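Each remark here refers to the structure printed beneath this line.
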Amino acid sequence: MYNDKKVGVIGLGKYLPENRLTNKDLEKIVDTTDEWIRARTGIKERRIAGDGEATSDMAVSAAKKALEDARLKPKDIDLIIVATITPDMFFPSTACVVQNKLGVDHVPALDISVACSGFIYGIAIAEQFIKSGRYKHVLLIAAEKMSSVTDWKDRATCVLMGDGAGAAVLGEVKDGGILSVYLGADGSKGELLKMPAGGSKLPASVSTVEGRLHFLKMQGNELFRHAVKIMAEAALKATEPLGLKGDDISLVIPHQANVRILNAVAKRMGIDPAKKVYLNIDKYGNMSAASSAVALAEAVEEGRVKKGDIILLDAFGAGLTWGAIVIKW
Ligand code: ACO
């Protein structure tokens with residue numbers, strides 16, 4: 001690292017839409033059961049954004065709470081990053097829409113498309129801008145309206161996803177902060193999870209709509225295998241250089257894709273999942289990038305993270321992408 005500046009999270013916020021979609025509700029839409037969904041994923045319900053509610057609306061609500069938590073005003077922010085794979089539209093970026101809604105013209109703003117690992121990648125980017133001295137405060141928002149790319153006729157995927165947003169303000173801290181960052185990607189496995197149409201390769205047409213190609217397609221089984229292996233490896237890559245073992249970690253706050261993945265990862269790390277893995281997948285399902293952000297905000301809100309604690313964020317998603325970050329709180 002090029003200087004001793006410590007960078008940490010100085011404010012957190014979250015927003016979840018009011019509307020709850022339970023497993024029982026899904027039983028009326030597709031051929032599934034509450035028992036199957038709970039046993040295979042750990043999900044009981046998820047939140048679904050309103051028709052007129054865009055990703056940027058959820059992002060702004062979460063951002064305002066994070067700013068309040070950091071005791072900052074929108075004008076104190078030097079850079080806005082939005083991690084999302086469900087932007088309001090292709091362009092302008094959702095970050096620019098958020099910037100306008102926050103009333104802070106001229107602040108640089110960009111989206112990053114990293115799927116479920118977006119919050120981790122965003123922290124890594126923010127850390128560098130702050131460490132270099134370029135910016136003082138970075139507003140990072142992870143927001144997803146997964147319901148907008150969900151095929152409500154595909155029982156293999158529609159039971160998994162939910163909508164929501166989490167936000168963090170990053171800045172210099174006196175003690176602790178980000179201790180290590182590990183990021184990775186493997187584009188050769190991009191086929192495992194994608195939305196095939198709507199981009200330059202397959203622009204929207206009557207046939208793409210009829211072919212249901214504007215929805216998320218997933219090879220769940222194959223992804224499951226990679227997720228367990230890669231999340232466990234990422235955790236090691238982030239903790240080993242610091243000499244940390246499972247016992248030294250106060251709490252793992254993972255991306256919430258499937259409770260079975262998280263239990264398997266914890267086991268590989270020698271961590272008791274019941275005590276040291278934060279879970280809220282039962283309430284929200286998989287919110288892609290927003291999952292880790294909301295989980296961190298809730299873990300702190302619930303007093304599960306205390307000053308001096310060593311926490312591990314660990315995520316994996318489409319791309320494939322992955323990342324793990326160790327933070328001393
Ligand atoms: N209800 C009832 N049965 C179902 C459902 C459902 N909702 N969905 C699938 N099934 C059936 C299948 O048809 C299959 O039936 P068959 O045996 O008769 O063929 C059976 O259940 C088993 O299906 P699998 O796909 O093998 O089930 P699995 O145990 O793998 O669970 C799941 C599926 C939950 C998707 C799991 O594979 C998973 O969590 N994968 C990883 C997801 C992930 O990590 N994604 C990356 C992050 S997401 C992002 O980046 C946006």
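The values are calculated or read from the model by the stated rules, or taken from the named source; none is laboratory data. Nothing here was measured: the structure is a model prediction, and the numbers come from that model. Note that each Cβ is placed from the backbone with ideal geometry, even for glycine, and that neighbours are counted across all protein chains shown.
Points to keep in mind about this one:
- Ile281 within 15 Å of the ligand (Cβ to nearest atom), within 26 Å of Ile141 (Cβ to Cβ) and among the hydrophobic types (A, V, I, L, M, F, W, C): yes
- Options Tyr121, Tyr182: the member that is closer than 20 Å to Ala324 by Cα and assigned to a helix (DSSP H, G or I): Tyr121
- The set of residues from the range 29-38 being more than 9 Å from the ligand (Cβ to nearest atom) and either closer than 13 Å to Asp154 by Cα or hydroxyl-bearing (Ser, Thr, Tyr) (or both) comprises just one member, Ile29.
- Single residue of the range 235-270 satisfying the filter (more than 16 Å from the ligand (Cβ to nearest atom), modelled with pLDDT under 95 and small (Gly, Ala, Ser)) that is farthest from Tyr182 (Cα to Cα): Gly270
- In the range 84-120, residue farthest from Arg134 (Cα to Cα) [restricted to those that are hydroxyl-bearing (Ser, Thr, Tyr) and surrounded by 18 or more Cβ atoms within 10 Å (Cβ to Cβ)]: Thr86
- Contacts under 7 angstrom Cβ, first residue in the range 271-291 being at pLDDT below 95, partner of a type in the set (S, T, N, Q), 6 or more apart: Pro273/Asn263
- Total residues in the range 46-75 satisfying the condition of being over 18 Å from the mean Cα position of the chain (by Cα) and either over 13 Å from Gln99 (Cα atoms) or of a type in the set (A, V, I, L, M) (or both): the figure is 10.
- Criterion: β-branched (Val, Ile, Thr) and away from the ligand (no atom under 16 Å from the Cβ) - qualifying residue of Val60, Val114: Val60
- For Thr22: the one exception among (1) hydroxyl-bearing (Ser, Thr, Tyr); (2) more than 16 Å from the ligand (Cβ to nearest atom); (3) at pLDDT 95 or above: (2)
- In the range 124-162, the qualifying residues are those that are among the polar types (S, T, N, Q) and assigned to a loop (DSSP other than H, G, I, E, B), and the one that is nearest to Asp4 (Cα to Cα) is Ser132.
- Flag for Ala204 being away from the ligand (no atom under 16 Å from the Cβ) and either crowded, with 19+ Cβ neighbours inside 10 Å or of a type in the set (Val, Ile, Thr) (or both): no
- Residues located in the range 1-38, provided they are among the aliphatic types (A, V, I, L, M) and over 24 Å from Glu53 (Cα atoms): Met1, Val7, Val9, Ile10, Val30, Ile37
- Among all residues of the range 74-94, there is at least one that is in contact with a Ser or Thr (Cβ under 6 Å, 6 or more places away or on another chain), more than 16 Å from the ligand (Cβ to nearest atom) and charged (D, E, K, R).
- Positions within the range 33-59 being in a helix (DSSP H, G or I) and either farther than 30 Å from Lys136 by Cβ or in contact (Cβ under 8 Å) with a residue 60 or more places away in the chain (or both), in sequence order: Asp34, Glu35, Trp36, Ile37, Arg38, Ala39, Arg40, Thr41, Thr55, Ser56, Met58, Ala59
- Filtering the range 185-208 to residues that are within 25 Å of the chain's Cα centre (by Cα), small (Gly, Ala, Ser) and part of a helix (DSSP H, G or I) leaves Gly187, Ser188, Gly190.
- Any hit, the range 295-310, residues being more than 12 Å from the chain's Cα centre (by Cα), within 16 Å of the ligand (Cβ to nearest atom) and over 22 Å from Lys174 (Cβ atoms): no
- Sole residue being small (Gly, Ala, Ser) and either in contact with a Lys or Arg (Cβ under 9 Å, 6 or more places away or on another chain) or assigned by TED's automatic domain parsing to the domain that holds Asp163 (or both), chosen from Gly243, Gly198, Gly184: Gly184
- Scoring Gly198 on the criteria (1) more than 16 Å from the ligand (Cβ to nearest atom); (2) at positive phi leaves a single failure, condition (1).
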